[in-house]
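Working notes for the structure below.
The values are calculated or read from the model by the stated rules, or taken from the named source; none is laboratory data. Here the structure is a predicted model, which is why all the values come from computation and not from measurement. Positions of Cβ are generated from backbone atoms using ideal geometry, with glycine treated the same way; all protein chains shown enter the neighbour counts.
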């Protein structure tokens, strides 16, 4: 049985049924629906040939060429579909919900697999998630100067059952010039949006969703503009940790990396640190004084963070002062803080 379904039904069914992306490997690699399995009807070269023939010789000749390519691997495609299917059912999509998905659905039907094709294909999925990002979300943004341990606090909140979005984890980047250290390579921005949507979509938007305070760019990934605006308009709780504790955390988190990699990161912010400070920071690394390097770097990042806070209304910023870097203790502190609704301290009252 072959049926065409809308994106909402497609996503709902994906909790139980495997998604098969029949686009070419290059299309899939650039960006895909998280969890989808790539069973391409054509490889990258074949897709290019079929596309060229379609433009030069028309629809019928392209179909015949496509059948010639597919005919050589029908058995393999059917076997892959049978292996991926659960209860002989699959969800399929190509780029626009056209010939490739219909052809694969027909083939799978011959193998006894029920197939549901996404109406409008991957293109409709992308349109849906862009619209979703512009919706209403009950966000609570967790901020704090560099070294405050915000990611660890969010992880503890998640363990306790809170709804949490880890933007830096999704982006494979910690946001600063040093943010790529120890991380997997960043994916395309389209894939970043797909991954963010996949985390966000199952959440109850009527309940609080915790998220880390970020700038628009996280490395080379960019937060969707509508969602970023929602973040900016949401309450911001700033975890206020002493500089001494933050220096200690930075040394712990980054001191394990080779000096050459740290030097390379420092070079990225030479213009902002200043040439002299950059040289001092590098010299401190050479002399085995990472605390000194952290102090110099924090001079820049603290000023930058305070500047970003200045662009947000003071009545949306709440300061939560802590004397520890222990994430579990800080979660307890934040819980008490939010429940008591402590009055706002404006920037000029720090």
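In segment 148-159, is there at least one residue being in the same structural domain as residue 214 (by TED's automatic domain parsing), in a loop (DSSP other than H, G, I, E, B) and closer than 30 Å to residue 294 by Cβ? Full working, then the answer.
Residues of segment 148-159 in the same structural domain as residue 214 (by TED's automatic domain parsing): 148-159.
Filter again for in a loop (DSSP other than H, G, I, E, B), leaving 148-149.
With closer than 30 Å to residue 294 by Cβ added as a condition, the list becomes 148-149.
Yes, there is a match, as at least one residue in segment 148-159 is in the same structural domain as residue 214 (by TED's automatic domain parsing), in a loop (DSSP other than H, G, I, E, B) and closer than 30 Å to residue 294 by Cβ.
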Boolean, residue 170 is touching a strand residue (DSSP E or B) at 6+ places or on another chain (Cβ under 7 Å), outside any loop (DSSP other than H, G, I, E, B) and not assigned by TED's automatic domain parsing to the domain that holds residue 125: no
Go through (1) surrounded by 15 or more Cβ atoms within 10 Å (Cβ to Cβ); (2) not in a loop (DSSP other than H, G, I, E, B) and name the single condition residue 312 misses. (2)
Failed condition for residue 112, given (1) surrounded by 17 or more Cβ atoms within 10 Å (Cβ to Cβ); (2) not assigned by TED's automatic domain parsing to the domain that holds residue 297, with all others met? (1)
Kindly provide the set of residues from segment 315-350 that are modelled with pLDDT under 90, in contact with a helix residue (DSSP H, G or I) (Cβ under 7 Å, 6 or more places away or on another chain) and not in a helix (DSSP H, G or I), ordered by number. 344, 346
Would a scan of segment 213-221 turn up a residue that is in contact with a helix residue (DSSP H, G or I) (Cβ under 7 Å, 6 or more places away or on another chain) and in a strand (DSSP E or B)? yes
Condition set within 21 Å of the chain's Cα centre (by Cα) and in contact (Cβ under 8 Å) with a residue 40 or more places away in the chain, scope segment 9-18, selection surrounded by the most Cβ atoms within 10 Å (Cβ to Cβ): answer is 11
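Results for (1) surrounded by 18 or more Cβ atoms within 10 Å (Cβ to Cβ); (2) in a loop (DSSP other than H, G, I, E, B); (3) in contact with a strand residue (DSSP E or B) (Cβ under 8 Å, 6 or more places away or on another chain), shown as yes or no for each residue.
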site	(1), (2), (3)
23	yes, yes, yes
47	yes, no, no
69	no, no, no
82	no, no, no
